[in-house]
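Below is one structure, written out as C-alpha cells; the observations come after it.
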Amino acid sequence: MSKTNINIAVLPGDGIGPEIMSEALRVFDAVKEKSKFTFTLEHGLIGGAAYDSCKSHFPEETRKLVNKSDVVLFGAVGGPVDKQQDEKWKGCEVNSILALRKELKLFANIRPVSISEKMIDISPLKLNPNKLPDLVIVRELLGDIYFGEKKRFFEGDLQVAEDICRYDSEQIEKIAHFAFSLARTRRKNVSSVDKANVLETSRLWREVVSKVSLEYPDVTLQHILVDNCAMQLITKPEAFDVVLCPNLFGDILSDAAAVIPGSLGVLASASKGAENKYLFEPPSGSAPDIAGMNIANPVGMISCVSMMFSVVFGENHISEMIKKAIDSVFDSGIFTKDLSNMARSKIVSTSQFVDEVLKKLK
Ligand code: NAD
C-alpha cells in the first residue's frame, strides 16, 4: 500500500455477523497503534439488515462506500434456511455478497486451513503431529454456475430449472496464475480440482491450468477430481499445499476443510479484486440458529483482521501477534461452545473469549 491512511468499510450484515464483527473490532482497536498505517472505519448496511431499512440487500450508499474503501471487512448475510422465500431474505446472498464480489471484481478467494500442534486435540480428525495440515484453498470467485444465467420454465406440466455453468479461458488463466504464484511462496505444490470426466467447463479448466503451469516449472501440478479431493482432504489433508478450485467446488471443499481445525467458526478468508481491493470474511454464514446468543466463535472474524495486516499491509508481526494470542487462549483450555467437545475445556461466551484474547495481547 503506497498510501498511509487506509479506508476500511465495515459490513457486519445479518445473524452472528454483527456480534463477531464488533468483537473482532475490539481486537483491531487493541493492535492498530502498532501499525505504520492509520485507519478510517465506516460502517455500512448489507443483506437483510439493509433490506429492513431501505428494501435493498445492497443499497447504493453501501456500493459507494465499498468503492471508495481500500479494504472491506464483511460479517455474513442471510436468514434462516427455512425462510429463504420470505420477502426479506429472497435472493439475499445473490443480491448482496455475490453482487459485492462482482462490484469489486473479487476474482480470487484464499482460505488458509491449518492447525498447530497444540490445537491438535480440537480436531475431530486423527491428525499426525509430525505431519500437520497446512493448506490454502484458492477459489475462483466470479465464474461458474453462480454467475451463469438462471431460468425457471415449464415443459408441458413439468416445471424445469436451469443454472448455466460457464467459464472462459481468461478467467481460468487469471486464477491459475494467482494460485501458482502463491504456491511459489509455499511448498510449490498445486492441486487443481475439477470434474473433467463429466463437465465441459472442467475440461477447459484442466487444459488452461496445464498450459499456465508450463510457466511455473518449479511448481508441481496434480489434477484431482472433486469427489476424490473431498475424500482426501479429510483422510490425508497434510498432502495438500495450494488447492485450486472453480467457484462451486471451492465453496463446498473449503467448508469441508473446516473439519480440520474443528469448526467453521475458526476460519478466515481473503478475496482479492481489481485495483488491489481486498475483502475479508469468515467462510461461515449468518448462523441464524445461534444469532444473538453471544455464543458464536469469533476466531474466524478476528483471523480476518489478522490476515488483513499480513496480506494487505505486509505487517506480519501484527498478524502473528493476534494468532499467538488466539492460540494461547485455546492452549489455556478456553473455548466457545462450538468446540465444547474438548476434554478439560472451559466454555465461555463470544465476548468472554475476546476478553481473554485481549488479555493475552496485553
Ligand atoms: P452457516 O454457516 O450459517 O451455519 C452452519 C452451522 O455452523 C450452524 O450450525 C452454525 O451455528 C454453525 N456456525 C457457523 N458459524 C459459526 C461460528 N462463528 N461459531 C459457531 N458456530 C458457527 O450455514 P447455514 O445455516 O447453511 O446458512 C445460514 C444463512 O447463511 C443462510 O441464509 C445462507 O444463505 C447464509 N450464508 C451466507 C454466507 C455469506 O454471508 N458469505 C455464506 C454461507 C451461507
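What to note about this one:
- In the set (1) more than 23 Å from Ile260 (Cβ to Cβ); (2) touching a residue at least 24 places away in the same chain (Cβ under 8 Å); (3) of a type outside the set (S, T, N, Q), the condition left unmet by Val160 is number (2).
- Screening segment 25-49 for residues that are touching a Phe, Trp or Tyr at 6+ places or on another chain (Cβ under 7 Å) and hydrophobic (A, V, I, L, M, F, W, C) and picking the one that is most open to solvent (accessible area, probe 1.4 Å) gives Phe37.
- Filter pass, Leu142 being open to solvent by 10 Å² or more (accessible area, probe 1.4 Å) and either at pLDDT below 95 or over 30 Å from Lys346 (Cα atoms) (or both): yes
- Leading residue by the ranking (farthest from Lys272 (Cα to Cα)) among those in segment 322-362 that are surrounded by 19 or more Cβ atoms within 10 Å (Cβ to Cβ) and of a type in the set (Ser, Thr, Tyr): Thr336
- Where a residue in segment 174-190 is under 11 Å from Leu221 (Cα atoms) and in the same structural domain as Arg206 (by TED's automatic domain parsing) and its partner, wherever it lies, is at pLDDT 95 or above and among the acidic types (Asp, Glu), with Cβ under 8 Å and at least six apart: Phe180/Glu215; Ala183/Asp241; Lys188/Asp218; Lys188/Asp241; Asn189/Asp241; Val190/Asp241
- Listed by first and then second residue, the pairs with beta-carbon distance under 7 Å, at least 6 apart or on different chains, first residue in segment 29-44 and within 24 Å of Leu100 (Cβ to Cβ), second assigned to a helix (DSSP H, G or I), are Phe39/Lys32; Glu42/Leu65; Gly44/Glu61; Gly44/Thr62; Gly44/Leu65.
- In summary, Phe154 fulfils each of the numbered conditions (1) under 25 Å from Ser306 (Cα atoms); (2) assigned to a strand (DSSP E or B) with the single exception of condition (1).
- Residue among Ser319, Ser286 that alone is within 21 Å of Tyr146 (Cα to Cα), hydroxyl-bearing (Ser, Thr, Tyr) and modelled with pLDDT of 95 or more: Ser286
- Residue selected from segment 287-321 under the condition open to solvent by less than 10 Å² (accessible area, probe 1.4 Å) and away from the ligand (no atom under 15 Å from the Cβ), by the criterion farthest from Asp82 (Cα to Cα): Glu315
- Verdict on Ala161 being farther than 21 Å from Asn228 by Cα, over 25 Å from the mean Cα position of the chain (by Cα) and of a type outside the set (S, T, N, Q): yes
- Whichever residue in segment 111-126 is polar (S, T, N, Q) and open to solvent by 30 Å² or more (accessible area, probe 1.4 Å) and, among such residues, is farthest from the ligand (Cβ to nearest atom): Ser116
- Scanning segment 268-286 for residues that are within 14 Å of the ligand (Cβ to nearest atom) and open to solvent by less than 30 Å² (accessible area, probe 1.4 Å) gives Ala268, Ser269, Ala270, Ser271, Leu279, Phe280, Glu281, Pro282, Pro283, Ser284, Ser286.
- Among the candidates Val81, Val72, the residue that is closer than 28 Å to Asn294 by Cβ, in contact (Cβ under 8 Å) with a residue 12 or more places away in the chain, exposed (fewer than 15 other Cβ atoms within 10 Å of the Cβ) and hydrophobic (A, V, I, L, M, F, W, C) is uniquely Val81.
The values are calculated or read from the model by the stated rules, or taken from the named source; none is laboratory data. Nothing here was measured: the structure is a model prediction, and the numbers come from that model. Methodologically, a virtual Cβ is constructed for each residue, glycine included, from the backbone with ideal geometry; neighbour enumeration extends over all protein chains shown. Surface areas here come from the heavy atoms of the whole protein model, side chains and all, with no ligands, DNA or RNA. Shrake-Rupley method; radii C 1.70, N 1.55, O 1.52, S 1.80 Å.
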